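The structure under discussion appears below in the form of structure tokens.
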């Protein structure tokens, strides 16, 4: 089953994105901690896309598609912003972030820990993030 | 998200209610920054009504660890829900930030430090 959301690229949309993901996952009867981690991973990618790739422009939109299959859940986040090259990303050392008093740098670390695979690709004029979480659903 | 500020003897108490995300984390940053500017040395963070935290919220706490160490300021978070505490644990931030189960335990810990 597929679930779709199209929403404006504003920071205020993040709450609605989390509500949508939480509601979609409710029927799967997953533990609350598991649901929260999946919501968090989607929230992190959406926040990155809204803030860094779409400059919080309310005239631009972000699409979220959640698909359930027997072996897991796929979350596809797409928008017209420039892609971030995930293959060039190297995880920062958390102790270094502390030393540098940094506030950022944790989002993708969380997503990498939570999801089983992350793909980034272009589809026509859209940048697509495909996150997959292995779960026994059927 | 709402932030409440209180003072109990020499302890500065910050309460967080709602979702701490990229949109709201600036309010927590401001509250902690004001406590530091006012010379507070003992800061308790009441997470009883904290429903959600993202990396932006974690980042605010992380960015003060070094300053707190340098200026001998103690900060203790208490009463986190299991799902919120889990987010700290994913990256091991629960080992860098003091987290306890209750306000009483938080007061004991901060008065010992």
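Going 7 Å from the Cα of residue B:4 toward and past its Cβ, which residues in region B:31-73 have a backbone nitrogen under 18 Å from where you end up? Backbone N within reach: B:31-32, B:43-52. Residue order for A:128, B:84, fewest other beta carbons within 10 angstrom first, comes to A:128, B:84. Between A:19, A:49, A:102, the GNM of chain A built on Cα springs shorter than 10 angstrom shows A:102 fluctuating the most. Note on chain A: GNM, Cα springs under 10 Å; of A:68, A:119, A:100, the largest mean-square fluctuation is that of A:100. Relative contact order, whole percent, for chain B stands at 24, derived from Cα pairs under 8 Å and 6 or more residues apart. Rounded to the nearest 0.05, the FRET efficiency derived from the C-beta distance between residue B:111 and residue A:63 at R0 = 35 Å is 0.10. For region A:1-121, DSSP calls about 100 percent of its internal beta bridges antiparallel.
Across chain A, Cα pairs under 8 Å and at least six residues apart give a relative contact order of 28 percent. Above 14 Å lies some portion of the pair distances; for region B:74-113, what is it as a whole percent of all C-alpha pairs? For region B:74-113, the share of Cα pairs beyond 14 Å comes to 44 percent. For chain A, modelled as a GNM whose springs connect Cα atoms under 10 angstrom apart, the maximal fluctuation among A:11, A:103, A:122 occurs at A:103.
Quick note: the coordinates plus some simple rules give every number you see, no bench work behind them. Quick caveat: nothing in here was measured; it's all calculated off a predicted structure. Cβ: placed from backbone, ideal geometry, glycine included. Neighbour counts: every protein chain shown.
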